[in-house]
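Here is the structure we will look at.
Bear in mind that the values in this text are calculations on the coordinates, not laboratory data. For clarity, every value in this text was computed on a predicted model and none was experimentally measured. Cβ sites come from the backbone with ideal geometry, for glycine too, and all protein chains shown count toward neighbours.
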Amino acid sequence: MTTSPLDRAADSFAAELARQRMERGLSKKQLATLMGFDPSYVSHVEGRRHRPTEDFARRAEAVLEASGAIWQRFREYDHLRHARTERSQRESAPPDRWLPPGTGLIVESETANLTHTDAGYRCVIRRELYNAGTEPVTRYLVRIAVDRYPNDPGRSNRHHRERPLTFAELQLSAYREEAGEREVMHWRAKHDRDAFKEIWLIFENTERRFPLYPGHRATIEYTYLVGRDKWGPWFQRAVRVPTRHLAIRLDLPAELDPQVWGAETSLSAEEGPLRTAIDRHDEGARAIFDWATDDPPLNARYRLLWRFRAEPEPEPDADRVRPSERMRALGIVQRGADLLRQPARPFDLPSEETVARQVVDRLVTALARLDELHPFAKGVGIAAPQLGIGRAAAVIRPPDRTAEPLVLLNPRVVDTAVETDEQYEGCLSFFDHRGLVPRPLRLDVEHAQLDGSRVITSFEFGMARLVAHEVDHLDGRLYIDRMAPGVPLVPIEEYRESGHPWRY
């Protein structure tokens, strides 16, 4: 059983080597051949019978293209093996020498700021990047995770199922700086979960592309906002890219008497207290907490936690949420927003095919989440303006759940039946009520395909009503505009047809 830090570091190197090798589907013999070593040598290193050498680590890093992970493990082992003076000398080396050539992207410095505001928590992450690899970097992956009750996973899971984090509420913005120039970066969603988002920051915008070339440096900054109903009293930074310096700042209201402490975790050690103290100083009505570390090990996690000793007790019914507030929490724009009263801008197809696909993907994702929270026996639709996107796209899930969702791009009603009927409709943008709305029993709609061609589709009965509702959204209308004068809205508590299809 290993007990010394040096033994644990050697074990971590061997484990990282084995993981990277297996991810690439290589046997030990194949890896040894590619590295130019005797076939038994890799087996001896992974089996902890031989300690790693610098030459071995460099070759393994280059062959496996491990983005610095193997080399970082060797550095940790090598630092423990050498005397303190030699270690300090190596750590002061310039950034372009602290990793071997071809190891990819590194973070020379990260500063993470979390500010308690009236609207929630505002997070600003700033990273100084250096491309130590051999290929241009065109995107950077960031993760945003929330956990309302970090000490009660079950309660957190229930909370975020009912109040999922949405891209709309994050108000994410990203910038890139190089040589004094600041440019907007585009971003694209990779994973969308209730309490977790993965996002690609793209090194381009509508004006141009600006890859980070080998040997070049650039600074990226991204900002997002999370409401206090979704953000628990913790802030964590995980080291997923080789990093030289990490600094964290919390900006909290002094009047709430914040108490802050921290913990750290690595692959070779269980969670323990931060190795250095958190500094506090007050600036007017704000309490500022700073903490920093140099050369954090790869995959280490640093968590700052706090509690407000002067925070008022929540009201007993604070967890009870109106249906409209639940929709708002999902990122659905609510009645009263100007965007719901503006005609949506059509897509220029096929030149805007990529943009149209991205909008449709967001609509489909939102529909899937909605279906998890409500039965929608009559079917359900969502238009892009309801997600804060002023483009002419809508997606409709028919009453038959086995049917594929209907995608409408640039739709236009070209003919309607003379016969109409009245049925109760609901709207995601004011979900607390239902209204009796007259609609035609048949609707002919011309709509665009991604290749720019146009087709005309005829819809009847329930699908005609769903389509008409969404086309109205894209024209800047709500269903209340279609109701007869003097007909009142029915509060959701009094509506008795939820879970039942329309009757024809």
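Some notes on this structure:
- 16 Å Cα-Cα reach of Lys230 towards lysines, excluding residues that sit fewer than 8 places from it in its own chain: Lys197
- When +1 charges are put on Lys and Arg Cβ atoms and -1 charges on Asp and Glu Cβ atoms, the dipole computed for the range 440-497 relative to its Cα centre reaches about 120 debye.
- Contact order normalised by residue count of the chain, Cα under 8 Å, 6+ apart, percent: 11 percent
- Candidates Val437, Ala464, Pro398 compared by Cα position along the dipole of the range 323-491: farthest toward the positive end lies Val437, with charges placed on Cβ.
- Dmax and Rg, reported as Rg then Dmax, of the chain (C-alpha, Å): 27.9, 90
- Most positive-pole-ward Cα, Gly36, Asn131, Leu387, against dipole of the chain from beta carbon charges: Gly36
- Alpha-carbon gyration tensor eigenvalues x 5, square-rooted, for the range 105-308, Å: 28, 21, 18
- Considering only Pro350, Ala15, Leu340, the residue lying farthest towards the positive end of the dipole of the chain is Ala15, judged by Cα position with unit charges set on Cβ.
- Principal-axis tilt of helix 5-23 within the chain, Cα atoms, nearest 10 degrees: 50 degrees
- Helix axis angle, 461-474 relative to the chain longest principal axis, alpha carbon, degrees: 70 degrees
- Centroid-to-centroid separation of the range 403-445 and the range 5-83 [C-alpha atoms, Å]: 62 Å
- Where only C-alpha atoms are counted, convex hull volume of the range 5-91 per residue in Å³: 82 Å³
- Candidate aspartates and glutamates - alpha carbon under 13 Å from Lys378, same-chain residues fewer than 8 apart omitted: Asp400, Glu425, Glu497
- Cα-centre dipole for the chain with unit charges at Cβ (Lys and Arg positive, Asp and Glu negative), debye to 20: 1200 debye
- Check: the range 323-491 dipole with +1 on Lys, Arg Cβ and -1 on Asp, Glu Cβ, in debye: 440 debye
- Counting Lys and Arg as +1 and Asp and Glu as -1 over every other residue whose Cβ lies under 13 Å from the Cβ of Glu264, the net charge comes to +2.
- Secondary-structure-derived ellipticity at 222 nm for the chain, considering helices only, amounts to -7500 deg cm²/dmol, per-run term -39500 (n - 2.57) for DSSP H runs with n ≥ 4.
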